[in-house]
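The structure appears right after this line, and notes come after that.
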Amino acid sequence: MELRLERHPLNPILSPVPEHLWENKFVFNCAVVFDGELFHMLYRAQGADMVSRIGYAVSVDGVRFNRLEKPVFTPASKEELYGVEDPRITKIGDKYYMLYTAYSPKGPRVALASTKNFITWERYGIVIKDEVNNKDAALFPEKINGRYVMMHRFEPDIWLAFSDDLINWGDYVSIAGPRQGYWDNLKIGAGAPPIKTPYGWLLLYHGVEDASRPIYRLGFMLLDLNDPTKVLKRSEEPILEPEEEWEVFGGVPNVVFSDAMVEYKGKYYVYYGAADNYIALATIDVEKVLEWCRKI
């Protein structure tokens, strides 16, 4: 049984704003959470200086978003000189924790911040301190065996890290890598924070095919509930791939890349960046995904 996401007819749902210098070129790769009343979106944006900043938008239906005129999270240290990128949000307790990529001349590294209102932030800085060229980080929504768990990416694999306090991380372990002969044969990375199901942790991830121009596609992975280093199942075929003109052509061609999956009214809402130009939405019935999970 293979799954496919369905694009929303109003796509793309967020585009650059010509009069906003910080987001007049590209908007893409967003984090989204639903608090029971509102959808909160934190999205990566670039303007003329090509420095990545994070904007904020809200919606009542998960489709039509209203955004602020200024970014809510901007580079604040030398480790973020080139920008703050690709946020992923997980609610733990009464706070929303955002893992993001801090980009400097040394390369990308994983950083952490938290908020209660999406406007004011507490920064914790680089949290995987001894490694560079690390990104695609996402937090599990609860402790597993008494420890916090983070997904991240040392190219080309998806890795886990573990922590007692969300600040100091270690015990790195690779859990999955590229597959020769498949659509994800070059490198892979975590997408949205994992969602707990009765059958395991459901992970949305991206895979890259080694082609004349690399192609980014999306798939699912199912991890064991008690031992997330164990992969139970993985998409044989992609669930979404670049097909629309605005997904094929853009700042980075042939890309669908997601940091966000929200359960809402019996569907999973998957928000994705399209060719690093726009933000779009695709959906799938939760029951269809759970049926796929059951058939291990």
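Where a number appears in this text, it was derived from the coordinates with a stated rule and is not lab data. This structure is a prediction, so every number in the text was calculated from the model and none was measured. Every residue, glycine among them, receives a Cβ derived from its backbone with ideal geometry; neighbour counts consider all protein chains shown.
Stretching D227 away from N117 to a fully extended chain increases their span by 36.3 nm, per 0.36 nm per residue minus the current alpha-carbon distance.
Charge tally for F257 (other residues, Cβ to Cβ under 9 Å; Lys, Arg +1; Asp, Glu -1): -3. Here's the list of lysines a cross-link from K196 could span, going by alpha-carbon distance under 24 Å and ignoring same-chain residues fewer than 8 apart: K91, K95, K116, K135, K143, K230, K233, K265, K267, K288, K295. Using Cα springs under 10 Å in a Gaussian network model of the chain, which residue among L204, L14, L166 shows the largest mean-square fluctuation? It is L166.
Taking the inverse of the mean reciprocal distance over all distinct Cα pairs, the Kirkwood hydrodynamic radius of the chain comes to 18.9 Å.
For the pair E245 and K70, a Förster radius of 35 Å applied to the C-beta separation gives a FRET efficiency near 0.70, rounded to the nearest 0.05. Counted residue by residue at 0.36 nm each, then reduced by the alpha carbon distance between them, the extension gain from E142 to L38 reaches 35.2 nm.
Between R213 and Y172, the FRET efficiency from the beta-carbon distance, with R0 = 30 Å, is close to 0.45. Extension gain, K106 to K196, is 28.9 nm, computed as 0.36 nm per intervening residue step minus the present C-alpha separation. For the pair E237 and L81, a Förster radius of 41 Å applied to the C-beta separation gives a FRET efficiency near 0.55, rounded to the nearest 0.05.
If one computes the Cα centroid of region 225-283 and of region 98-156, what distance in Å separates the two points? Result: 20 Å between the Cα centres.
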